[in-house]
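The structure appears right after this line, and notes come after that.
The values are calculated or read from the model by the stated rules, or taken from the named source; none is laboratory data. These numbers come from a predicted model, not from an experiment. Please note: Cβ atoms are built from the backbone with ideal geometry, for glycine as well, and neighbour counts cover all protein chains shown. Side chains are part of the model used for accessible areas, which takes the heavy atoms of the whole protein and leaves out ligands, DNA and RNA. Shrake-Rupley method; radii C 1.70, N 1.55, O 1.52, S 1.80 Å.
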Amino acid sequence: MKQHYIHQPVVATDWPPRIGKDFFGRLALVKKQDSRRQAESAWHLLRGKVDETVQLTENKEISVDDILQPTDSSLSLRVVIDGPPGIGKTTLCRKLLKMWANGTLLHQHYYLVIYCPLRNSKITTATTLADLFEYKSSKLSKVVGWFSDRDGEGLLIIFDGWDELSEQLRQSSLATSIIHRKQLDQCSVIVTSRSYASSSLLKMDTISRHVQVIGFSKHDISTVIIQTIQEDTKLAQELIKYFALTADNSESKQVKLPTDKSSQLAVSLINDLKLRNDVKSLCYVPLVCSMVILVYCKEGGHLPKTLTQLYENFILQTIRRHLEKQDINPHTLGSLSSLPSQLAKPLQEMCQLAYTNLVNTRMTFYSHQLQSLSEAIKEKYLGLMTKFINYDEEEYQFLHLSIQEFLAAWWIAKHEEKTEEVFKDHFNNDHFRMCLRFVAGLTHLEHESYQQYFNKKLDLHKMKPLFWFGSFHLSYFYQNPEISLKYITVDGPLDNIPILLFQLLYESQNKTLCQVLAQSINNHSLYLDTESAHLSLFDLLCLSYCINNSNTTWNHLDLRRTSNQELSVIAAGLTNNSLQTQCKRLDLRMYEPTNNSIHKLLQPSSILCNIQECYCKFVLDIFQVKFILLQFLNLPKVTILHLEINDSLKNAYSKDKCTELEKCIEMNSTLREMLIHYTGSNEITAIISVIKGVARNKTITSLTLEIHDFLIKTLLPPPLLSDGVIEQLLKDNNTLQALSLDIPDKLLPSSLNIVEVNTPLTALGIGGWSINKLMTSSLLPHIKGLHCLILYDPYPPHLLFLSHSSLHTLTLQRLDTAESAIELFTILKTNTTLKTLSVEIFNRVYTSSMGTSLQDMLMQNQTLKYLKIMSYYECKYGRFIPSSFLSFLSTGLRHNTSLQHLRVCIPLNEGIKSFINVISLMNNLTELAIFFEPDHLCSWEENVQVITPLLYEQVVPAVTNMLQSHTTIRLLKLGHAHDNKSSQPNWIELVQHLYETIFIHPSLEYIGIRYTLLLMKTLNHQKKTLIDRHKREQPQKLLPIVRLY
């Protein structure tokens, strides 16, 4: 067997032409440190994300030698290797076989290595270890017996192509039994798979290592193109040097570009790929990269628009190459559809073979299985199949599985009488995903029956419900108060984004179906987290194609964690071909966006040029701050602008004038709401310009300014706001109704001389992250008649209510004396206007008198709707209310009939059950957030022995009972501080009972629970059953959102 492996080529075929010096050496391997993250997404495409993938915190680049590195576990190795088609998984297997045979495998402790291609029917139907040996010998029975007696110890089995197994064989086969350690549990196993099919393997708790073959890097693609097209080594090196300097933003003019034809062609392809990111994002796959280079050169420097056109062209080139040895002139072949009969018949036979065997997940064929292909045999399979010897048997397969998938699609589209029915039959079959994309490209999905896949209601922007206080107090400042809270998806990203539909749309180039799909998307809102959803550049191209051709006004386009490269693809795809395609609201988060990428996104030809609401977060170079602000302020219809800017500290100062920015804000006649959150270095001239511009603006009604300076890296003193800037804002502006300022005292002048306030404020917020005592003491005495007030620094309560007798919502983040707390609660006993109260009290000042005052307030005040009460966080204390204070709160709540929303942090001890029982009796309560913390610092041993049992044996049953007796609660949030990953059988039953209660609750819409391993495992195990039961018993009620955070 070693001799066989030694003489077996690592790369099985020379067509498409091999590219680069070493076909395999340019592949990168990424080890997933935590496979559970990957298991959350059943389909994880990495096209175009190669370089970013290696940089993810859970990833680690490794070498081939590391694949079989022993682990600390006593269990034998189970390694999953996945990646997209043509990436080199089989090549990697052959490399490992050759290394073992040559004795160069670093971790050399295997007596025997067996290679088992799962496309081989003999392997998939094997029932014994002996059946896995294709090479027969008189010594085979002894070898099998020896390994069987040792339960496989010293044996390595490589199962290549898990995705090529049928679903039935994935559940029940010898390969499955060995992988799951039901047989030969001491042998080591490597399993390769296309990415979409590997999720079932990754769910195994005993997986030792997850490796992804991720292909060429962006730099490698350019290098491979140059070395393949330019055969002159010296000229190739000059080109490589030029593009390296360009990538580093160096002076590329120092290198003179060669002007010969080959060099120009290579440069042309590299530049075309910059514009055609859809194709470049596939070129990290060696097979596709080779095809692209071949087709580009043959077609005189042109790229096909779709993947279907690329493969059709490649297959045509392959047939032309085959004909070069015959009398037919290959250049007379214009397209696959117009082949002469002597070629059309063989192609038809091969397409039928491709389809019928794809249905049966059969990818290799023996000679006798091809006897019916009489015409194809005569034409030597048109060069589309390759022959290889597996031990003593001659086998055939298509050049690559994707070639078989294209030919199968050709059969469906051109020769099946019921193309639409065949499409429907395979639509939900993962194994047919690529094939159906080709069908879409060939048929353009013109038949009306295809609309059924695109007009189903889709919710692609699911958000966490706002707790009432969050919506109530934020609504004074923001038109869309949910912007301050994170979005979540109920299911994994790919359940949320049906990327296959968008891929089918792009492949078909069917604009009518774009409109159908757009109309089916709930609220015309689209949420794209490119990182967590593993969206490739090609996926983004497909999405932008659909959006751009939708003839729809999109209410919300949400782009999270978007790179410059991703943004360039989106911007290029969102050219405004129709005035009917518009977007009202944009959310965007980027790290160091280039000025050019933002300019292209918002240019007049983009559908985003008329956006009305912008919510953006950027990490910027200081010099970009004013440019980015101006780009958004110059949008003709923008009414809401929220920019969160962190400067990247690359430059110390920005000295350019801010007159243009100031004037732009002053003259803006559409802006109503503005939020600037700035974190960075010694650069606040842009903030000063913003304040001066708003002071003279006539339309802005809400302004939020937040300056966080904790990232300052310099020892220089921080810059100060100019004298009189704040004073001038309050004097000159007569439109602001809501103002929130979080500006640290150290950035303010030594004093604020506020004399005149003309802003008609109804809502005011002062403070946040920083100390704002100067702003609080200087500004608050001059403001009267507020309805909403948020303070982060102490202020006498009686003065607040004296100046603001009609307060509706009040937040006091730092009550630092018992006297001030008692004063506040005493006032509220008879107050009838305040609806929401949020207080944080210093832990050290709690007294029994304060507790009595709170208790009496809750018993007597019957108009307060929302109460949040916690301890102000100090390092020495937690945020919980002391146990001695809890009885006062419980008594007050027991007699209160007005509260609908409660948020509280309480100690995790034996008294927690009685407190939750009180909550159970509050029939008006609809929203509840309870956080639990140990009432003292505890050791790991105490956490295991005391705290964790309290969580599962006290809190979980109490919450379950509360939900069973409380039928009006809508939103529930539970938080706790510890998870030591311990578990007991009775705890599992208690958690199961909690989940059962949640999913059948008559009113619950959302529950957020702090993550523990037991909660996560139990939910994953129960989820499908619970969802099915909910749909069966409560078909009219929306499924509750369950979030473990």
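Observations, loosely collected:
- Across the stretch 374-421, the qualifying residues are those that are of a type in the set (Ser, Thr, Tyr) and on the phi < 0 side of the Ramachandran plot, and the one among them that is modelled with the highest pLDDT is THR419.
- Conditions (1) surrounded by 17 or more Cβ atoms within 10 Å (Cβ to Cβ); (2) in a helix (DSSP H, G or I): number failed by HIS599: (1)
- Among residues of the stretch 158-193, those that are open to solvent by less than 20 Å² (accessible area, probe 1.4 Å), out of contact with any strand residue (DSSP E or B) (no Cβ under 7 Å at 6 or more places or on another chain) and modelled with pLDDT under 90, counted: 2
- Residue check for LEU316: of a type outside the set (D, E, K, R), within 27 Å of LEU500 (Cβ to Cβ) and in a helix (DSSP H, G or I): yes
- When the stretch 794-846 is limited to residues that are farther than 25 Å from SER475 by Cβ and assigned to a strand (DSSP E or B), the one that is modelled with the highest pLDDT turns out to be ILE841.
- Residues that are in contact with a strand residue (DSSP E or B) (Cβ under 9 Å, 6 or more places away or on another chain) and charged (D, E, K, R) within the stretch 974-1022 comprise GLU1005, ARG1010, listed in sequence order.
- Taken residue by residue, the stretch 71-94 has no member that is more than 40 Å from the chain's Cα centre (by Cα) and in a loop (DSSP other than H, G, I, E, B).
- Per the conditions (1) small (Gly, Ala, Ser); (2) without any contact (Cβ under 8 Å) to a residue 60 or more places away in the chain; (3) open to solvent by less than 10 Å² (accessible area, probe 1.4 Å), the sole criterion not satisfied by SER838 is (2).
- Members of the stretch 323-347 that are open to solvent by less than 60 Å² (accessible area, probe 1.4 Å) and in a helix (DSSP H, G or I): LEU323, PRO330, LEU336, LEU343, ALA344, PRO346, LEU347
- Qualifying residue in the stretch 950-957 (condition: modelled with pLDDT under 95, of a type in the set (A, V, I, L, M, F, W, C) and farther than 18 Å from CYS905 by Cα): no
- Count of residues meeting criterion [over 45 Å from the mean Cα position of the chain (by Cα) and part of a helix (DSSP H, G or I)] in the stretch 104-147: 7
- Restricting ILE315, ILE225 to residues that are touching a Leu at 6+ places or on another chain (Cβ under 7 Å), within 19 Å of LEU384 (Cβ to Cβ) and either open to solvent by 40 Å² or more (accessible area, probe 1.4 Å) or modelled with pLDDT of 75 or more (or both) narrows the list to ILE315.
- Verdict on LEU1015 being open to solvent by 20 Å² or more (accessible area, probe 1.4 Å) and aliphatic (A, V, I, L, M): no
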